[in-house]
Amino acid sequence: MVGVNPRTEAPVLNSRILKAVSKKRSKVYTIGTPSDLTYEYEHLGNTAKTINELLNGTHEACEEIKKAKLPMVIIGRDALTRGDGETILAKTKAMANKLGFVNSETGWNGFNILHRSQGEVNALELGLRLKPTTSKSKVIFLLGCDNYITADDIPTDAFVVYIVNF
């Protein structure tokens, strides 16, 4: 898990991870701020440097991860909304391909992004930024993730499109 706390962000997912850890003896590794997830995990580090080490094969956990039957990675929203979020996403994708999180031969895809709203997923799929980069925007699309933008961020002469997910 990279930059995610499923206990607070997705409690049902966290309970399923707990079940996998307790019943199937699955191992969990985390990168980011350590927290109480209700199950044992190994904390690999707090920085993006750890992702680089996994990608380069220099981290001590690499060999054990390579042996996993169905490895998966879950990236949290907080990791993607940082200033270096695009780099973290790209390096995590590369790491997932290298370590077998994605396997085209078996059809396994263990690459996951945990978002807090469907609007975030929509925006990222469209290649849009979650926060305007300029106050001179003339058109702003709010895709159900307008908790990143305040009224002060919207120019008075901008045309705002609200898209609501049902």
How big is the antiparallel share of DSSP beta bridges in the chain, given as a percent to the nearest 5? 15 percent
Relative contact order (percent, whole number), region 38-137, Cα cutoff 8 Å, 6+ residue spacing: 26 percent
Give a residue-ordered list of calculated ³J(HN,Hα) values for region 91-102 (Karplus: 6.51 cos²θ - 1.76 cosθ + 1.60, θ = phi - 60°; whole Hz; x for Gly, Pro). 6, 5, 4, 4, 4, 4, 5, 5, 8, x, 5, 10
Looks like region 1-128, by Cα gyration tensor root eigenvalues a ≥ b ≥ c and the a/c under 1.5 rounded cutoff (else prolate when a/b is bigger than b/c, oblate otherwise), is rounded
Calculated from DSSP helices alone, with each H run of at least 4 adding -39500 (n - 2.57) and the total divided by the residues of the chain, [θ]222 nm to the nearest 500 comes to -9500 deg cm²/dmol
Per-pair calculated FRET efficiency, R0 = 30 Å: Leu128 and Lys23 via Cβ, rounded to 0.05: 0.15
With every protein chain kept in place and a 1.4 Å probe, the chain has an accessible area per residue in Å² of 64 Å²
In the chain, carbon and sulfur make up what percent of the accessible area (probe 1.4 Å)? 52 percent
Candidates Phe101, Phe111, Phe141; GNM for the chain (alpha-carbon contacts under 10 Å) flags as most fluctuating Phe141
GNM flexibility winner over the chain from Asp78, Asp152, Asp36 (Cα, springs under 10 Å): Asp152
GNM on the chain, Cα springs under 10 Å; top mean-square fluctuation among Ala68, Ala151, Ala20 goes to Ala151
Val2's amide H: which non-local residues (gap 5+, or another chain) put their own amide H closer than 5 Å, with H modeled 1.01 Å from N in plane and none for Pro or chain starts? Ile31, Ile74, Ile75, Gly76
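The values are calculated or read from the model by the stated rules, or taken from the named source; none is laboratory data. Remember, predicted model here, so these are calculated numbers, not experimental data. Cβ: placed from backbone, ideal geometry, glycine included. Neighbour counts: every protein chain shown. Please note that ligands, DNA and RNA were not included when accessible areas were found on the heavy atoms of the full protein model with its side chains. Shrake-Rupley method; radii C 1.70, N 1.55, O 1.52, S 1.80 Å.
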